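The values are calculated or read from the model by the stated rules, or taken from the named source; none is laboratory data. As the structure is a computational prediction, the values presented were derived from the model and not from experiment. Here the Cβ positions follow ideal geometry from the backbone for every residue, glycine too, while neighbour counts run over all protein chains shown.
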Amino acid sequence: MPDSPTTSNAQAAGANLWTCPFCPLLCDDITLAPTGDQRLAAPHTACTRLEASLAHFGPQDANRHPAIDGQPTDLASALSQAAAILSSARRPLFGGLATDVAGARALYELCAQCGAILDHLHGDTLADSNRALQDRGSFFTTLSEVRSRADLVIVFACRPSQRYPRFYERAIGEGRDVNIVFVGCDIDEAAHARAEAILRDTDPFDTLALWSAHVEGGRPIPTPDLVALTERIKTAHYTAFVYEPSAFAGPHAALAIEALQRIVKAINRTARAGALALTGDDGAASVNQAITWLSGFPLRTRVAYGMPLDHDTHRYRTETLLRRGEIDALLWVSSFAPEPLPASLADDVPAIILGHPSTQTPARKGPTVFIPVATPGIDSGGHLFRVDTSVVAPLAAARSVVLPTVASIASQLAQARRPS
Ligand code: SF4
């Protein structure tokens, strides 16, 4: 398993460094420091996403108790009520699923007992990526390979620093001669290598169709910028294509991802190139990997003991299930940030929230159980897959607030439901 570049630095320094769980770059070169008001800060790391994520944690988290219908209670009562909700549900949805590998594994066991459907907070993006992978395959690359080999980086129709603030720091090796070409978007001002932009205002689907016709079919196209870029790729040592699946607007993102992969594949007949998809936030990559490993299917699968697995990207979409009233209970998991329940959840559907301790629980008609859980990398250890899914990073607790993990709550619920 290849090390991330920052892992090597951290190990060499022998310092007490911390791995950030708040985006799939999983930066592991961070020094956390407690602040005077018992909060956490990373004074030497410039990352707006990290700063915003840490702001959700405070000394009050230690006093957050489980609640039933908004009334504070003890953990045993909350577990008992949650188990009762799951026992009477015939078609529950396990949604959100913002957790780590251990959380996903334990939830899978509970899911199989309940005959539940599994989908993630970023299920639409995951489904697009999965569909493109199933239909077309992928020429993927890793952060380490981009950093050490790429001399040409093509950022397609996205602005990586917006969601992944340290992307360039992680992916562009210092002191290397790297050119970045932004295609179908403006130059990302955070890019510190030599950068230029082409076809800024062109629809990405039009660009991909033309580019594909050129590199795959060898056809002449009326876009000299794309022809010139293709010639540069041929002479580059290694080209990395970077894209964000969630940045493709509309319902056909999978087609754009497929088209991009087709171009990368065609290029590999005569040159070397790979693609890096910036995705997998809030445990999406980790949960998808764990569930695929356990079941053979990615998320949006219904799992029930004694029944065939049922995977359906469209039917088992959270929004579709909720809007059609097709579920009779929701188990909502959000351990990295206080994520609200989906707006389309009917008010009378029973809900169990395994949530970040700062979650505000809404007043609802249906029975609602809230259990505050540990955030992996803050209150507990854990493991997360990095953005390129080539590295599983271990996480260590950053403070000593005692909160149960998602895995331990899921296991206790499974135990409570098991016939004695
Ligand atoms: S870029 Fe992502 S992993 Fe790195 S410090 Fe910022 S939020 Fe954390």
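Points worth noting:
- Flag if CYS111 is within 16 Å of the ligand (Cβ to nearest atom), modelled with pLDDT of 95 or more and surrounded by 18 or more Cβ atoms within 10 Å (Cβ to Cβ): no
- Some residue of segment 352-363 being modelled with pLDDT of 95 or more, out of contact with any His (no Cβ under 7 Å at 6 or more places or on another chain), closer than 13 Å to CYS20 by Cα and in a strand (DSSP E or B): no
- Segment 86-103, residues that are closer than 14 Å to LEU413 by Cα and under 21 Å from the mean Cα position of the chain (by Cα): PHE94, GLY103
- Any hit, segment 271-287, residues being of a type outside the set (Val, Ile, Thr), in the same structural domain as PHE385 (by TED's automatic domain parsing), surrounded by fewer than 23 Cβ atoms within 10 Å (Cβ to Cβ) and free of Cβ contacts under 8 Å to residues at least 60 places away in the same chain: no
Per-residue answers, yes or no, for (1) on the phi > 0 side of the Ramachandran plot; (2) within 13 Å of the ligand (Cβ to nearest atom); (3) modelled with pLDDT under 95:
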{"residue": "THR6", "(1), (2), (3)": "no, yes, yes"}
{"residue": "ALA12", "(1), (2), (3)": "no, no, yes"}
{"residue": "CYS23", "(1), (2), (3)": "no, yes, no"}
{"residue": "ILE30", "(1), (2), (3)": "no, yes, no"}
{"residue": "GLY36", "(1), (2), (3)": "no, no, yes"}
{"residue": "ALA42", "(1), (2), (3)": "no, yes, no"}
{"residue": "CYS47", "(1), (2), (3)": "no, yes, no"}
{"residue": "PRO59", "(1), (2), (3)": "no, no, yes"}
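- All conditions in (1) closer than 28 Å to THR368 by Cβ; (2) assigned by TED's automatic domain parsing to the domain that holds TYR243; (3) of a type outside the set (Val, Ile, Thr) hold for PHE140, with the sole exception of (1).
- Being away from the ligand (no atom under 16 Å from the Cβ) and on the phi < 0 side of the Ramachandran plot holds for only one residue in ALA52, ALA78, and it is ALA78.
- The residues in segment 232-274 that are among the β-branched types (Val, Ile, Thr) and part of a loop (DSSP other than H, G, I, E, B) can be counted, and the count is 1.
- Taking each residue of segment 18-44 that is outside the structural domain of PHE167 (by TED's automatic domain parsing) and within 30 Å of GLN289 (Cα to Cα) and looking for partners that are surrounded by 14 or more Cβ atoms within 10 Å (Cβ to Cβ) and among the acidic types (Asp, Glu) with beta-carbon atoms closer than 8 Å, six or more apart or interchain, yields TRP18/ASP28; THR19/ASP28; CYS20/ASP28; PRO21/ASP100; CYS23/ASP281; PRO24/ASP281; ALA42/GLU51.
- Any hit, segment 194-207, residues being hydroxyl-bearing (Ser, Thr, Tyr), touching a Lys or Arg at 6+ places or on another chain (Cβ under 8 Å) and more than 16 Å from the ligand (Cβ to nearest atom): no
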